[in-house]
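Heads up: the structure comes next, in structure tokens.
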Amino acid sequence: MKNIVATISGVIFGMGLAISGMSSPAKVQGFLDVLGDWDPSLLFVFSGALGTSLIAFNLLLRRKKPVLADKFILPTKKVIDKPLIIGAIIFGVGWALVGYCPGPAFAALAYLQVENVIFVVFMVVGSFVAKSVFK
């Protein structure tokens with residue numbers, strides 16, 4: 001049941017990314033180009049996601065346990081450390097240069113474009129390299 005729910009959730013998330021334009025590097029780069037031809041339309045996407053998350057987390061965390069798991073698995077680390085800052089900078093630079101972050105990159109695989117596949121492969125490789133460096 002968990003896999004079915006995860007698959008359905010992933011499909012819905014991917015469809016939302018595609019419909020909102022988040023899987024379009026040009027749209028994302030237009031949003032990040034605040035000193036040039038800025039496209040503020042992704043603010044609506046971010047606002048909708050933030051609002052939905054705030055409401056959903058507030059409601060779900062009132063439960064004693066999740067519907068399909070024994071317990072909630074929430075982050076416990078509350079320190080802003082060097083690996084977090086370095087990772088955030090690398091993430092931001094990569095997002096600005098290419099216009100993809102992990103979710104939209106995987107969703108863009110559905111377009112069957114070679115550059116999307118290359119990006120995802122190197123993103124996954126980069127994740128494994130980072131895990132070995134920041135152990």
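The values are calculated or read from the model by the stated rules, or taken from the named source; none is laboratory data. Quantities reported herein were computed from a predicted structural model and do not represent experimental measurements. Glycine gets a Cβ as well: all are built from the backbone with ideal geometry, and neighbour counts include every protein chain shown.
Points worth noting:
- Any chance PHE128 is aromatic (Phe, Trp, Tyr), within 17 Å of the chain's Cα centre (by Cα) and either modelled with pLDDT of 85 or more or on the phi > 0 side of the Ramachandran plot (or both): no
- Screening the candidates ILE85, ILE12, ILE8, ILE55 for the property of being under 24 Å from GLN113 (Cβ atoms) and of a type in the set (A, V, I, L, M) yields one hit, ILE12.
- Condition met for LEU43 (part of a helix (DSSP H, G or I) and modelled with pLDDT under 85): no
- Residues that are in a helix (DSSP H, G or I) and of a type in the set (Gly, Ala, Ser), drawn from region 97-118: GLY103, ALA105, ALA107, ALA108, ALA110
- Pair list, Cβ under 9 Å, 6 or more apart: region 37-58 residue free of Cβ contacts under 8 Å to residues at least 60 places away in the same chain, other residue among the hydroxyl-bearing types (Ser, Thr, Tyr) and not in a helix (DSSP H, G or I): none
- Filtered residues of region 4-30 (kept if polar (S, T, N, Q) and not in a helix (DSSP H, G or I)): SER23, SER24
- Residues located in region 1-43, provided they are farther than 21 Å from VAL98 by Cα and touching a helix residue (DSSP H, G or I) at 6+ places or on another chain (Cβ under 9 Å): GLY10
- One residue alone among PHE91, PHE44 is closer than 30 Å to GLU115 by Cα, among the aromatic types (Phe, Trp, Tyr), over 15 Å from the mean Cα position of the chain (by Cα) and surrounded by 10 or more Cβ atoms within 10 Å (Cβ to Cβ), and that residue is PHE44.
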